[in-house]
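One structure below.
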Amino acid sequence: MLSSFKNLGPMQDYSVSFFFFFFKKGGSTGPKWGKYFVGPIQFMVCYGAVVACTLLGGQCMKAIYLMSKPDGPMKLYEFIIIFGCLMLTLAQIPSFHSLRHINMVSLVLTLAYSACATGGSIHIGTSSKEPKDYSLNGDTQDRLFGMFNAIAIIATSYGNGIIPEIQATVAPPVKGKMFKGLCICYTVLSFTFFSVSISGYWAFGKNSEPLVISNFLSDGKTFVPEWFVLMVNIFIILQLSAVAVVYLQPTNEVLENTFSDPERKEFSARNVIPRAVSRSLSVIIATTIAAMLPFFGDINSLIGAFGFIPLDFILPVVFFNLTFKPSKRSLVFWLNVTIAVVFSAVGVIAAVAAVRQISLDAKTYRLFANV
């Protein structure tokens, strides 16, 4: 559905692609909705993904460190800062088009570490003689809210907040290319997500960590060869750096439209200096937030509930009905209305569940916690 959108402004110029979701909304129902509602959601989603990637990158670096020094003095926030320094360098890549090779490497790394995580879980699950506990904690209320909290996390995993940015860089015809790309994207995503989650839960039961490879290491002892854990963590660190740079692009675009001079050359001092400063500040702020609030699961559920569910499941079908105006007697119209209503309800409940989970976990929260 998203792959079929074009700019439907007053001139009906079908050759212009939307650059952001809020441009789509502006084109469909007016600029204020886009500026004050859809735009902030997309930027929250994309910037939240940068924070989550930075946090996860720091956790992987810490896992590598603990293999060599189980009682080492370094804290999680120090590794998050180290990962942030890597991001400072990668963030200076000039444009989204410049990331195409990094995106290909990211795809290969995703397949590689997913295969390793799945294989490692299966190896540990078959070799371990400890009984596995698949029971659910809490009463019916806790389980119900936990289910919706999980839905928000899954929405984050399947999120596509960066699709308009990708579409804007694709040469015509856009629709066919975007549809093929999305099919490949969700095929890879489904395979990697379910293979890791199912094998991880089978191997570790309810003790499975949000980052499943954390279960490969306990008290400095690894349940698989150390080189295997090292390799998987390196794959994840490299892939996370690529993902974070991609999700920085909407923020970079807005900052550069504000501070750059379009009449000057891209690499002139007038444009290079503001670009370097604004991108560096963006990375520094994301790194600071990740170091201060290192709670990956709760961050993911919050982003999913308030960002990805409306952005992925509600707004696209609303855009479709408003833009293409299918007959109110058609199946497509009512299917879109049903999807919008159902996922609006799911989003509200998931938001309540995410906030509730954060309040329950608040007793373990501490700024710059070493978790």
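The values are calculated or read from the model by the stated rules, or taken from the named source; none is laboratory data. Just so you know, these numbers come straight off a predicted model, no measurement behind them. Backbone-built Cβ (ideal geometry, glycine too); neighbour counts: all protein chains shown. Only protein heavy atoms, including side chains, enter the accessible area calculation; ligands, DNA and RNA are left aside. Shrake-Rupley method; radii C 1.70, N 1.55, O 1.52, S 1.80 Å.
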Can you confirm whether the stretch 348-368 contains a residue that is more than 30 Å from residue 59 (Cβ to Cβ) and open to solvent by 30 Å² or more (accessible area, probe 1.4 Å)? yes
Being touching a helix residue (DSSP H, G or I) at 6+ places or on another chain (Cβ under 6 Å) and either modelled with pLDDT under 85 or under 24 Å from residue 59 (Cβ atoms) (or both): is that true of residue 267 here? no
Name, by its number, the condition in (1) at pLDDT below 80; (2) over 19 Å from residue 245 (Cα atoms); (3) loosely packed, with under 15 Cβ neighbours inside 10 Å that does not hold for residue 34. (3)
Collect the residues in the stretch 114-131 that are open to solvent by 50 Å² or more (accessible area, probe 1.4 Å) and at pLDDT 85 or above, keeping them in residue-number order. 115, 122, 123, 126, 127
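Would you mind finding the one in 323, 251 that is under 27 Å from residue 185 (Cα atoms) and touching a Leu at 6+ places or on another chain (Cβ under 8 Å)? Show your work before the answer.
Details: 251 fails: touching a Leu at 6+ places or on another chain (Cβ under 8 Å).
Step by step, each of 323, 251 is checked, and only 323 is under 27 Å from residue 185 (Cα atoms) and touching a Leu at 6+ places or on another chain (Cβ under 8 Å).
Answer yes or no as to whether residue 333 is open to solvent by 50 Å² or more (accessible area, probe 1.4 Å), over 12 Å from residue 305 (Cβ atoms) and touching a residue at least 12 places away in the same chain (Cβ under 8 Å).
Working: open to solvent by 50 Å² or more (accessible area, probe 1.4 Å): no; over 12 Å from residue 305 (Cβ atoms): yes; touching a residue at least 12 places away in the same chain (Cβ under 8 Å): yes.
When the stated conditions are applied, residue 333 does not pass them.
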